[in-house]
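Undergrad: Below you'll find the structure I mean.
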Amino acid sequence: MEDTLKFFDDATVILGQTIHQFSQTTCKYFHTMELPHEYASCGRQEAALASKQAVSGSTNAVQSGPKHKKLNLNTYKYHALGDYPNSI
């Protein structure tokens, strides 16, 4: 059991380092955009918001195209990665 948890701890450290290295080296060479269904969903949300605001009289700029997306390492799953072996 202890050997398995030690291996798991070492593996999570290596995984965290590898993800960080991937983010710093590989991701900056790729221009990634929202998927078509994500863009469509945002469009529907903006249309619904615009219809509500039309009633109240205020206006906002409408999105002109899919948003640029990048790997987000500032999420809980990456933050808690090192805690998983200790939790077990």
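Since every read-out is calculated from the coordinates, none of them should be taken as a lab result. Since the structure is predicted, the reported quantities are computational estimates derived from the model, not experimental observations. Reconstructed Cβ throughout: ideal geometry from the backbone, glycine too, with neighbour counts over all protein chains shown.
Undergrad: Each residue of the range 22-34 in order: what ³J(HN,Hα) in whole Hz does its phi give by Karplus 6.51 cos²θ - 1.76 cosθ + 1.60, θ = phi - 60°, with x for Gly and Pro?
TA: Couplings: 4, 5, 6, 9, 7, 4, 6, 8, 10, 9, 9, 10, 4 Hz.
Undergrad: Order these by the 10 Å Cβ neighbour count, fewest first: LYS77, LYS67.
TA: On the way: LYS77 8, LYS67 11.
Exposure proxy ranking, most exposed first: LYS77, LYS67.
Undergrad: Now for a different question. For GLU34, what residues show an amide H to amide H distance below 5 Å, using hydrogens built from the backbone and excluding near sequence neighbours?
TA: For GLU34, whose amide H was placed from the backbone, the distant partners under 5 Å are LYS67, LYS69.
Undergrad: Which one of GLN17, PHE7, TYR76 is farthest out on the positive end of the charge dipole of the range 2-87, using unit charges on Cβ (Lys, Arg +1; Asp, Glu -1) and the Cα centre as origin?
TA: Checking the options against the dipole of the range 2-87, the answer is TYR76.
Undergrad: Net charge around LEU71, counting only other residues with Cβ within less than 13 Å of its Cβ (Lys, Arg = +1; Asp, Glu = -1)? If you can, show how the numbers build up before the last one.
TA: Working: positive: LYS28, LYS69, LYS70, LYS77; negative: none.
It works out to a net charge of +4.
Undergrad: If you don't mind, there's one more thing I want to ask. Using 7 Å Cα-to-Cβ label points, what is the CYS42/LYS70 separation (nm, one decimal)?
TA: 1.5
Undergrad: Also: Which value at 222 nm does the chain reach when only helices count, each DSSP H run of 4 or more adding -39,500 (n - 2.57), with the total divided by all residues and rounded to the nearest 500 deg cm²/dmol? Intermediate results must be reported in sequence, preceding the final value.
TA: Values: 4 runs with 53 residues, N = 88.
Only helices count here, giving -19000 deg cm²/dmol.
Undergrad: May I pose another question? With all distinct Cα pairs included, what does the Kirkwood hydrodynamic radius of the range 2-87 come out to in Å, to one decimal, could you say?
TA: Working: mean 1/r = 0.0602 Å⁻¹.
It works out to 16.6 Å.
Undergrad: Roughly how big is the chain's charge dipole about its Cα centre, with Cβ charges of +1 (Lys, Arg) and -1 (Asp, Glu), in debye to the nearest 20? Don't skip to the end; give the middle numbers.
TA: On the way: 8 positive and 8 negative charges, 119 e Å.
Using Cβ point charges on Lys, Arg, Asp and Glu, the chain gives about 580 debye.
Undergrad: Using per-residue counts of other Cβ atoms within 10 Å, averaged over each peptide, order 3-13, 23-33 from highest down. Write out the running numbers ahead of the final one.
TA: Details: 3-13: 12.1, 23-33: 10.1.
The most tightly packed comes first, giving 3-13, 23-33.
Undergrad: So, one more: If I model a spin label at GLU34 and ILE88 as a point 7 Å from the Cα along the Cα→Cβ vector, what separation in nanometres do I get?
TA: 3.8
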